[in-house]
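**Student:** Below you will find the structure I want to go over with you.
Every number in this text was worked out from the coordinates using simple rules, so none of it is lab data. What you see is a predicted model; the values in this text were computed from it and never measured. Don't worry about glycine lacking a Cβ; one is built from the backbone with ideal geometry, like all the others, and counts go over all protein chains shown.
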DNA sequence: CCACCGATTGCT
DNA sequence: GCAATCGGTGGT
């Protein structure tokens, strides 16, 4: 009789096979806007002890280096944003408003401090896990909004700095067929008048981009 | 040490 | 429209 752990491992390998391979580091080693666009429609995968959770990336926001006033990196390196200044292909997870976490994927060359904020997912795998973590039922509400994405995936500061070119947190190189309409978040996040982060999302089957954020004060 | 603020969310 | 809630950040 096969051990439970072995069966679980085999199942994980099968699913990984069907999901494709993790995107390699050089995928992320490009400008944030380019990576942001290329991430749309791919599968973000989170493997935890509770099981696998995954969804299609349907909305992202690009933070373009330390010269971008909207970026956490704008005032130079600090303890919190250190990961942004590091190598591409790592997770920058931060805590905000005393209750929410948000997930970024670091892009560009070391020292460039650019990243892509994952703003919304279309749930695909581990939907019941997402429901438990989120405390909501409907697919539309499970991972719409950056705080909801992190909560649905069970991410917190312990995941800051993770290498996203391999499990337990990674993005597949596959571009699956989308099953239905995709809900992008409606709320506006950053409020910087001079320069705004560029947002990318999928509306139905169409690719859309435009300035995110509103005006400050 | 202290004060202010935030790449948000959910409820009124 | 606004409260919740607390670590990050910068100034004293």
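**Student:** Which shape class, rounded, prolate or oblate, goes with the range A:21-150 when its Cα gyration tensor gives a ≥ b ≥ c as root eigenvalues, a/c under 1.5 marks rounded, and past that a/b bigger than b/c marks prolate?
**Tutor:** Prolate shape, in that a/c is at least 1.5 and a/b is the bigger ratio.
**Student:** How much length would be gained if the chain were fully extended between residue A:30 and residue A:163, taking 0.36 nm per residue of separation minus their Cα-Cα distance, in nm to one decimal?
**Tutor:** 46.2 nm is the gain from fully extending residue A:30 to residue A:163.
**Student:** At a 10 angstrom cut-off on C-beta neighbours, averaged per residue, how do the peptides A:120-127, A:141-148, A:156-163 rank from highest to lowest?
**Tutor:** Going by the mean number of other Cβ atoms within 10 Å, highest first, we get A:141-148, A:120-127, A:156-163.
**Student:** Calculate, in nm to one decimal, what residue A:74 and residue A:110 gain on full extension: separation in residues at 0.36 nm each, minus their alpha carbon distance.
**Tutor:** In short, 11.4 nm is gained.
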